[in-house]
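A.B. asks: Mind looking over this structure? Questions follow.
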Amino acid sequence: MKTQVAIIGAGPAGLFLGHLLKAEGIDCVVIERQTLDHVLSRIRAGVLEQVTVGLMERLGLDARLKAEGLVEGGFNLADGERLIRIDCQGLTGKTVVVYGQTEITRDLMEAAPSRGLEVIYGVGDVAVHEIESDAPYVTWMKDGSAGRVDARFIVGCDGFHGPSRKAIPASAARDFERVYPFGWLGILADVPPCHDELIYANHERGFALASMRSHTRSRYYIDVPLTEKVEDWSDDRLWDELAIRLGPDAAANMTRGPALEKSIAPLRSYVFEPMRHGSLLLCGDAAHIVPPTGAKGLNLAASDVHYACEALAGWFKRGDADAIAGYSERALARVWKSERFSWSLTKLMHRFPDDGPFERKMQVAELEYIASSVAAQTAIAENYVGLPV
């Protein structure tokens, strides 16, 4: 096979990029290790910034998002029995939309055949070759047969564990990482949300988050030590803990139900630089990870894709080599700002094992300041709805 751009990974980042490139008249192929059904089974993020909603609108694939997505004008920080509402819409004029990453993926997948976007699912042994040349290529195995696609550029949208980032020589790269001493134990249940907006809670027993996927499906989290096991947390035990940490008002409106999905996700902040080497570009989790506090993961992938599409369109349509050369710097400028916001909100809303009375007083002082300062609330709001691209 021969194409202009080979995309590795058919999660939202890869599918977004594939659709955007096809809309620009640029030929591309998407290669995915997992099966289509497996990709759709992954339960991930659900809070969309303006940039992500904007990409769906630009592609004309936003009908279901508009019909089913929940427009959120703000969110809440809880400390004890107090709720501090951050009025994002009032402070910035912008909103976020609650619409599951799985649904975004489904919309992009279902539109691929009619728009001529080729996606090859279920491939193994994916490898990237000759990225320092003008003729890179990707190889894989599928059903016992070898596959290969030659391209002018390869874009790695293949997540933290994919082969793309690993193809960049260590001598040409640097990574930055902060591993957090806890994970998020999450439960997904077909019950109505306890509040019409998200609640991030800092309680003496630990962090909690009340979120939702729809008017009838809720997503809740608590932080737990990394030594905890999911099987030790019955549904009842988890609901009881959520009721304590979220506070009496949220608990009074909480509907309990059996878990559709329950898992523990470790938290880390991670950035890989550069996000381009030779003919290889990286997007999304292949280049960076954020803790889920602040809901930036999917949205950062969307902004990466926005920049990557602009750079590739500049190259193929105008012969603009500077656009490709500047991709990494443009993307990383926004990545680091989002990393800062996710890190700071994680630090504010969690009790770290090594924290003492001083650190706790700093959290209390920060929350008091946020509660009383429009300027502080505005800074949080503009980061939460998403910085401009």
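A.B. asks: Would you work out the charge dipole size for the chain about its Cα centre, treating the Cβ of every Lys and Arg as +1 and the Cβ of every Asp and Glu as -1, and quote it to the nearest 20 debye?
C.D. replies: Numbers: 42 positive and 53 negative charges, 79 e Å.
Its charge dipole is roughly 380 debye.
A.B. asks: Considering only protein heavy atoms, what per residue accessible area in square angstrom results for the stretch 235-313 with a 1.4 angstrom probe?
C.D. replies: In whole numbers, the stretch 235-313 has 31 Å² accessible per residue.
A.B. asks: Checking understanding here: applying a Kyte-Doolittle mean of at least 0.0 and a length along the axis of at least 27 Å (C-alpha), which whole DSSP H helices in the chain pass?
C.D. replies: 297-318
A.B. asks: With +1 on each Lys and Arg Cβ and -1 on each Asp and Glu Cβ, how big is the dipole of the stretch 46-160 about its Cα centre, in debye rounded to the nearest 20?
C.D. replies: 300 debye
A.B. asks: Over the stretch 1-46, average the accessible area per residue using a 1.4 Å probe and give it in Å², no decimals.
C.D. replies: Heavy-atom SASA per residue in the stretch 1-46 reads 37 Å².
A.B. asks: Would you calculate the convex hull of the Cα atoms in the stretch 1-120 and tell me its volume per residue in Å³?
C.D. replies: Values: hull volume 15.6 nm³, N = 120.
Each residue corresponds to 130 Å³ of Cα convex hull volume.
A.B. asks: In the stretch 1-121, if the dipole is taken from +1 on Lys/Arg beta carbons and -1 on Asp/Glu beta carbons about the Cα centre, which of Ala63, Val47, Ala10 is farthest to the positive end?
C.D. replies: Toward the positive end, the furthest listed residue is Ala10.
A.B. asks: Where the accessible area of the chain is counted over protein heavy atoms with a 1.4 Å probe, how much of it, in %, is carbon and sulfur?
C.D. replies: Answer for the chain is 51 percent, counting heavy atoms of protein chains only.
A.B. asks: Could you run the Debye sum over the Cα atoms of the chain, one equal point scatterer each and no solvent, and tell me log10 of I(q)/I(0) at q = 0.06, 0.10, 0.11 Å⁻¹, two decimals?
C.D. replies: Log10 I(q)/I(0), no solvent term: -0.24, -0.66, -0.79.
A.B. asks: Here's another thing I want to ask about it. With an 8 Å cut-off on Cα pairs and a minimum separation of 6 or more residues, tell me the relative contact order of the chain in percent.
C.D. replies: On the way: 795 pairs, mean separation 79.7, N = 389.
Averaging sequence separation for qualifying contacts and normalising by length gives 20 percent for the chain.
A.B. asks: Where the only charges are on Cβ atoms (+1 Lys, Arg; -1 Asp, Glu), what is the dipole of the stretch 107-207 about its Cα centre, to the nearest 20 debye?
C.D. replies: Around 320 debye, computed over the stretch 107-207.
A.B. asks: Past 32 Å, Cα to Cα, is the threshold; run Lys166/Lys317; Lys22/Lys296; Lys229/Lys296; Lys66/Lys229 against it and keep the listed order.
C.D. replies: Lys66/Lys229
A.B. asks: Please build a GNM for the chain, connecting alpha carbons under 10 Å apart, and tell me which residue among Ala287, Ala252, Ala331 fluctuates the most.
C.D. replies: Ala252
A.B. asks: List the GluC sites (Glu not before Pro) in the stretch 47-96 that DSSP assigns to loop (not H, G, I, E or B) and whose Cβ has at most 15 other Cβ atoms within 10 Å. Which are they? Could the numbers behind the result be given before it?
C.D. replies: Details: sites: Glu49, Glu57, Glu68, Glu72, Glu81; in loops: Glu49, Glu81.
Listed in order of number, the matching sites are Glu81.
A.B. asks: What is the ratio of the Cα radius of gyration of the stretch 121-269 to 2.2 N^0.38 Å, with N the residue count, to two decimals? Can you show the working numbers first?
C.D. replies: Working: Rg = 21.6 Å, N = 149, 2.2 N^0.38 = 14.7 Å.
After normalising by residue count via 2.2 N^0.38 Å, the value is 1.47.
A.B. asks: Please identify the GluC sites (Glu not before Pro) of the stretch 160-224 that satisfy two criteria: DSSP loop assignment and at most 11 other Cβ atoms within 10 Å. Which are they?
C.D. replies: Loop-located and lightly packed - Glu204.
A.B. asks: Per q in 0.21 Å⁻¹, report the Debye log10 I(q)/I(0) for the stretch 244-303, using one uniform scatterer on each alpha carbon and no solvent.
C.D. replies: Reported log10 I(q)/I(0), two decimals: -0.94.
A.B. asks: Hey, what did the stretch 183-226 get for relative contact order, percent, Cα under 8 Å, at least 6 apart?
C.D. replies: Relative contact order of the stretch 183-226: 48 percent.
A.B. asks: Could you grab the relative contact order for the stretch 260-370? Cα pairs under 8 Å, six or more apart, rounded to a whole percent.
C.D. replies: Contact order relative to length: 25 percent.
A.B. asks: Further question: Considering the convex hull of the alpha carbon atoms of the stretch 208-254, report its projected area averaged over all viewing directions, in nm², one decimal.
C.D. replies: The number I arrive at for the stretch 208-254 is 3.6 nm².
The values are calculated or read from the model by the stated rules, or taken from the named source; none is laboratory data. Here the structure is a predicted model, which means the values were calculated and not measured. Because the Cβ atoms are built from the backbone with ideal geometry, glycine has one as well, and the counts that use them run over all protein chains shown. To get the accessible areas, we keep the full protein, side chains included, count just its heavy atoms, and leave off ligands, DNA and RNA. Shrake-Rupley method; radii C 1.70, N 1.55, O 1.52, S 1.80 Å.
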